[in-house]
Amino acid sequence: MKVVYALEDIDKVSPSIFLAGPTHRESGHRGWRKDAIEHLESFDGEVYYPEARTGIWHGDYPKQIEWEWEGLESASVILFWVPRDMDKLPALTTNVEFGLWLHSGKSILGYPSDATSMNYLDYIYRKVCEREPYGNLEATCQGANKHAEALGAFGGRFR
């Protein structure tokens, strides 16, 4: 696995997984993406990690948006992990990204049971993607890995 951090060059290889979901804006938090990388250790491809390699926000919001958009477009699979907490991790951008990429055939959704306000995302994911969302990060990562393998075997998009 090769991890590509925010603003680093995206090679646009397949398979690849984009780690979509909320990001802590305060320092001192172990973000969920570090755990995802551990769960994806055996993944044979690129993982797009929309945070700085240093863990320090670079401060260029337009460049960040452009990098994320390129990563979302290039990724074979978009792993949406939504540990929504309206005070600390509201996931407002994640909602927009989820809606934009729901019909792409490359979205995988997971969230913990204590995540708030997930009924709508859960419902439309089941309806559109005809899959069950995952209830923990490890299973979500495994699902993303399997989906990337299946997409490669079928040569592209499918539900």
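The values are calculated or read from the model by the stated rules, or taken from the named source; none is laboratory data. These figures come from a predicted structure and were not determined experimentally. Counting neighbours? That spans all protein chains shown, and the Cβs are built from the backbone with ideal geometry, glycine included.
The table below lists the values:
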| read-out | value |
| --- | --- |
| Near pairs, Cβ below 7 angstrom, 6+ apart or cross-chain, from segment 80-100 (under 17 Å from residue 141 (Cβ atoms)) to any residue that is among the β-branched types (Val, Ile, Thr) and assigned to a strand (DSSP E or B) | 80/108 |
| Members of segment 37-90 found to be of a type in the set (Lys, Arg) and not in a loop (DSSP other than H, G, I, E, B), listed by number | 63 |
| Filter pass, residue 79 being surrounded by 14 or more Cβ atoms within 10 Å (Cβ to Cβ), farther than 30 Å from residue 130 by Cβ and modelled with pLDDT of 95 or more | no |
| Residues being within 15 Å of the chain's Cα centre (by Cα), in a helix (DSSP H, G or I) and either polar (S, T, N, Q) or at pLDDT below 95 (or both) - total across segment 93-119 | 4 |
| Any hit, segment 4-15, residues being within 12 Å of the chain's Cα centre (by Cα) and within 22 Å of residue 109 (Cβ to Cβ) | no |
| Any hit, segment 126-139, residues being among the small types (Gly, Ala, Ser), crowded, with 19+ Cβ neighbours inside 10 Å, part of a helix (DSSP H, G or I) and modelled with pLDDT of 95 or more | no |
| Subset tally (residues that are at pLDDT 95 or above, surrounded by fewer than 20 Cβ atoms within 10 Å (Cβ to Cβ) and either more than 19 Å from residue 80 (Cα to Cα) or of a type in the set (Val, Ile, Thr) (or both)) for segment 3-38 | 6 |
